Amino acid sequence: MKTHEQSTEAGAAAAPRAGNPAAVSPAAAVAAAAAGAGEDAAIAVTTEGLPSWLDPVAHAARTVEPDQLSRFLPPESGAGRQSAVLVLFGEGERGPELLLMERSGSLRSHAGQPSFPGGSLDPEDGDQATTGPLRAALREAREETGLDPHGVQIFGVLPRLYIPVSGFVVTPVLGWWRSPSPVGVVDPGETARVFTVPVADLTDPANRATTVHPSGHRGPAFLVESALVWGFTAGVIDRILHFAGWERPWDAAKQVPLDWRA
């Protein structure tokens with residue numbers, strides 16, 4: 001089951017309000033648990049050898065509070081479908097870049113929308129409170145893009161966020177593509193394409209806009225690589241750019257309308 005629900009609620013990741021951090025397991029706990037003993041010792045969260053340009057992102061992952069990322073936080077009851085996405089940074093011909101994928105246009109839900117690789121936790125991923133999200137993010141990225149997880153260094157974990165329309169509790173896992181591997185569409189029935197976006201394009205004010213849903217909801221968006229990135233994915237990117245100090249002033253009045261099918 002995939003988490004790529006680009007709901008209007010999810011887009012509010014860039015519109016923080018007071019929340020209840022106590023309802024969310026701190027991202028630091030997930031990172032610390034990865035250094036534990038036994039089976040979980042095989043997966044680690046480390047900044048060792050990280051390129052210096054990623055230092056601000058790693059710092060943000062250690063210090064950001066859940067309600068600084070989104071006004072939608074996981075229910076205090078613990079309800080929700082646990083899932084994870086891989087926010088993978090690499091270095092391409094034009095410098096730092098992010099890996100994204102575009103959903104197949106034949107899907108009944110959110111067809112053609114860009115997203116991070118990711119999906120629901122499976123039992124074999126392990127403890128959802130510790131390293132389960134890390135394993136799920138890497139596993140889903142492999143299944144969806146053909147990525148070799150051995151070339152990925154996990155360097156941080158953002159607080160869990162909530163997508164009300166689908167009931168997903170999503171853990172954004174931050175990765176450095178230390179040893180790049182070939183990626184592409186694995187299942188055309190689910191994925192239309194796999195692509196990278198230069199961070200320079202994401203920070204370019206000319207590529208930024210605000211999506212407007214018929215319901216009245218507004219959220220950040222990026223017009224990059226012939227795609228409109230919006231919803232949950234755009235919200236997470238927007239907050240990373242902001243807290244990493246990479247954000248440049250942009251015109252939030254530039255609007256892109258959505259329809260009811262979005």
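Given their separation in residues at 0.36 nm each and the Cα-Cα distance between them, residue 215 and residue 55 gain 53.8 nm when the chain is fully extended. The modelled label-to-label distance between residue 259 and residue 93, using points 7 Å beyond Cα along the C-beta direction, is 3.5 nm.
Can you find, among 83, 176, 145, the residue sitting farthest towards the positive end of the charge dipole of segment 42-182, where Lys and Arg contribute +1 and Asp and Glu -1 at Cβ? The residue sitting farthest along the positive end of the dipole is 83.
Could you please state how large a percent of the accessible area of segment 66-159 is carbon and sulfur, counting protein chains only and using a 1.4 Å probe? C and S fraction of accessible area: 45 percent. Sorting the segments 179-185, 70-76 by their residues' average number of neighbouring beta-carbon atoms within 10 angstrom, most packed first, yields 70-76, 179-185.
A Förster radius of 41 Å combined with the Cβ-Cβ distance from residue 251 to residue 42 puts the calculated FRET efficiency at roughly 0.30. Note on residue 63 and residue 186: their simple-model spin labels are 3.6 nm apart, each label 7 Å out from Cα toward Cβ. Between residue 81 and residue 225, the simple spin-label model (points 7 angstrom out along Cα→Cβ) gives 2.5 nm. Taking the Cα centre of segment 66-219 as origin and assigning +1 to Lys and Arg Cβ atoms and -1 to Asp and Glu Cβ atoms, the resulting dipole is close to 400 debye. The convex hull built on the alpha-carbon positions of segment 130-250 has an orientation-averaged projected area of 8.8 nm².
The values are calculated or read from the model by the stated rules, or taken from the named source; none is laboratory data. As the structure is a prediction and not an experimental result, all values here were calculated from the model. Positions of Cβ are generated from backbone atoms using ideal geometry, with glycine treated the same way; all protein chains shown enter the neighbour counts. Side chains included, ligands, DNA and RNA excluded: accessible areas come from the protein's heavy atoms. Shrake-Rupley method; radii C 1.70, N 1.55, O 1.52, S 1.80 Å.
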